[in-house]
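Taking it in order: structure first as C-alpha cells, then the write-up.
The values are calculated or read from the model by the stated rules, or taken from the named source; none is laboratory data. Since the structure is predicted, the reported quantities are computational estimates derived from the model, not experimental observations. Positions of Cβ are generated from backbone atoms using ideal geometry, with glycine treated the same way; all protein chains shown enter the neighbour counts.
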Amino acid sequence: MRRTLADVKLMKVGGERISMLTAYDASMSRLLEACEVDMLLVGDSLGMVMLGYDSTVPVTMDEMIHHAKAVRRGAPDSFIVGDMPFGAYQTGERDAIKNGMRFLKEADCDAVKLEGGLKVCGVVRALVDAGIPVMAHIGLTPQTASQLGGYKVQGKGIDDARRLLAEARSLEEAGAFGIILECVPDKLAEVITEAVAMPTIGIGAGAECDGQVLVTHDLLGMFEKFTPKFVKKFADLAPVIKESIVEYASEVKSGSYPAAEHSFTSDCDYSLLLKE
C-alpha cells in the first residue's frame, strides 16, 4: 500500500523516527523501497552526484522531472518528495505553483521541498493552498550557500539560532508539513523539534530530530569527491566497484570472459554459412 502524507505525520505523533534517503533512478529507488525507507527525496544533489555539476545551482526542472519519474517507476509505493531546483520558485508564486504541479502531475511525487526561511513563506502558503504538500528546508541551504559564507554550520550564535527557530515556526504556520534542518548545532535542532508539531528531518543536525536524511551515494561510499563530516559510511563501495570493473576489463582483454558457462550453444554447423 502506498505511503501517504498522513502516515508521515503520524510517525512524529507516535514518536517513531523517520528514515529518508535520496533517490535519483529506478534501480536505486527499487532497492530503497524494498528496505522500507520511509521517505525518498529526489534531491537536486543529483546535479553533483549524477550529472557532474559543481553545485546544485545548474539543475533544471526538466532534469528533476526526468529523474523523479524514474524514481516513481522504481518505487511505486513510496512517499516521494521532489526537490524544487534553484530558479523554480524564486521568481514568484505563479512559477512555484506551476513547477510544483509538474512534480505531482508528471512525476507522481507526493510532495515538494524548497529551501529558505521567512522569504519563502508566501510561496509555501501559495503551494499548499494550491494542493501541493511542502517540506521546508532551513539552516545550510546549498542553493544559496554563497550568501551564507559557504558550506558552514548555521545557528551557532544566539541571534542566528533565534532566527532559525522563528523561520521554522513561520514555515509551519505557512503550511509546511515537515522541515529539513541542515548543518545546525544538535541542541538547536532539539529546540526546534520541540517547538514545532511538524516532523524535523536532520542532516548534520544531531540525533534529536524526528528523522534523518542522507545522500544514498554518501552512505554507500560511492561518491568520492568529498564526504561531509555528518556522513557515516555504512559501506565503502567505490573501491569494490572499481576493482570489479578492472577485473572485467582484464578478462575481456585476455579472452577469459565470457567463458563457456556464459555462452549459448547450438548443434548447428554455422560454418556452412560461409560457403553459401
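Per-structure values
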quantity	calculated
Answer residue from segment 1-45, given it is surrounded by fewer than 13 Cβ atoms within 10 Å (Cβ to Cβ) and of a type in the set (A, V, I, L, M) and is nearest to Ala197 (Cα to Cα) among those	Val13
Check on Leu31, of a type in the set (A, V, I, L, M, F, W, C) and part of a strand (DSSP E or B)	no
Residues being buried (at least 22 other Cβ atoms within 10 Å of the Cβ), over 18 Å from Ile18 (Cβ atoms) and of a type in the set (Ser, Thr, Tyr) - total across segment 70-97	1
Pair list, Cβ < 7 Å and 6+ apart or interchain, from segment 81-92 residues that are under 13 Å from Ala126 (Cβ atoms) and hydroxyl-bearing (Ser, Thr, Tyr) to residues that are at pLDDT 95 or above and part of a loop (DSSP other than H, G, I, E, B)	Tyr89/Leu114
Enumeration of residues in segment 118-149 that are over 19 Å from the mean Cα position of the chain (by Cα), modelled with pLDDT of 95 or more and among the small types (Gly, Ala, Ser)	Gly122, Ala126, Ala130, Gly131
Test for Arg169: is it farther than 28 Å from Ala6 by Cα, at pLDDT 95 or above and charged (D, E, K, R)	no
Residue list for segment 16-28, restricted to those being assigned to a strand (DSSP E or B) and of a type in the set (Ser, Thr, Tyr)	Ser19, Thr22
Residue match in segment 107-121 (condition: touching a Pro at 6+ places or on another chain (Cβ under 6 Å) and on the phi < 0 side of the Ramachandran plot)	yes
Failed condition for Pro228, given (1) under 19 Å from Met20 (Cβ atoms); (2) at pLDDT 95 or above	(2)
Failed criterion for Glu251 (all others in (1) over 29 Å from Met11 (Cβ atoms); (2) surrounded by 12 or more Cβ atoms within 10 Å (Cβ to Cβ); (3) assigned by TED's automatic domain parsing to the domain that holds Asp129 hold)	(3)
The one condition in (1) at pLDDT below 95; (2) in a helix (DSSP H, G or I) that Lys152 fails to fulfil	(2)
Criterion: under 19 Å from Phe103 (Cα atoms), buried (at least 16 other Cβ atoms within 10 Å of the Cβ) and either hydrophobic (A, V, I, L, M, F, W, C) or touching a residue at least 60 places away in the same chain (Cβ under 8 Å) (or both) - qualifying residue of Met48, Met64	Met64
Filter result for the condition that a residue is hydrophobic (A, V, I, L, M, F, W, C), out of contact with any helix residue (DSSP H, G or I) (no Cβ under 7 Å at 6 or more places or on another chain) and closer than 17 Å to Asp110 by Cα, over Val71, Val81	Val81
Output for segment 51-60, where each listed residue is aliphatic (A, V, I, L, M) and either on the phi > 0 side of the Ramachandran plot or within 12 Å of the chain's Cα centre (by Cα) (or both)	none
Contacts under 6 angstrom Cβ, first residue in segment 173-196 being in the same structural domain as Gln212 (by TED's automatic domain parsing) and farther than 16 Å from Gly116 by Cβ, partner of a type in the set (Val, Ile, Thr) and at pLDDT 95 or above, 6 or more apart	Thr193/Thr200
Sole exception among (1) of a type in the set (Val, Ile, Thr); (2) over 22 Å from Ile201 (Cα atoms); (3) without any contact (Cβ under 8 Å) to a residue 40 or more places away in the chain for Ile132, by number	(2)
Contacts under 6 angstrom Cβ, first residue in segment 1-13 being under 15 Å from Pro76 (Cβ atoms), partner of a type in the set (Val, Ile, Thr) and not in a helix (DSSP H, G or I), 6 or more apart	none
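The rows are residues; the columns are (1) outside the structural domain of Gly178 (by TED's automatic domain parsing); (2) touching a Gly at 6+ places or on another chain (Cβ under 6 Å); (3) acidic (Asp, Glu).
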| residue | (1), (2), (3) |
| --- | --- |
| Ile18 | no, yes, no |
| Cys35 | no, no, no |
| Asp62 | no, no, yes |
| Arg73 | no, no, no |
| Ser78 | no, no, no |
| Ala88 | no, no, no |
| Glu93 | no, no, yes |
| Arg102 | no, no, no |
| Asp108 | no, no, yes |
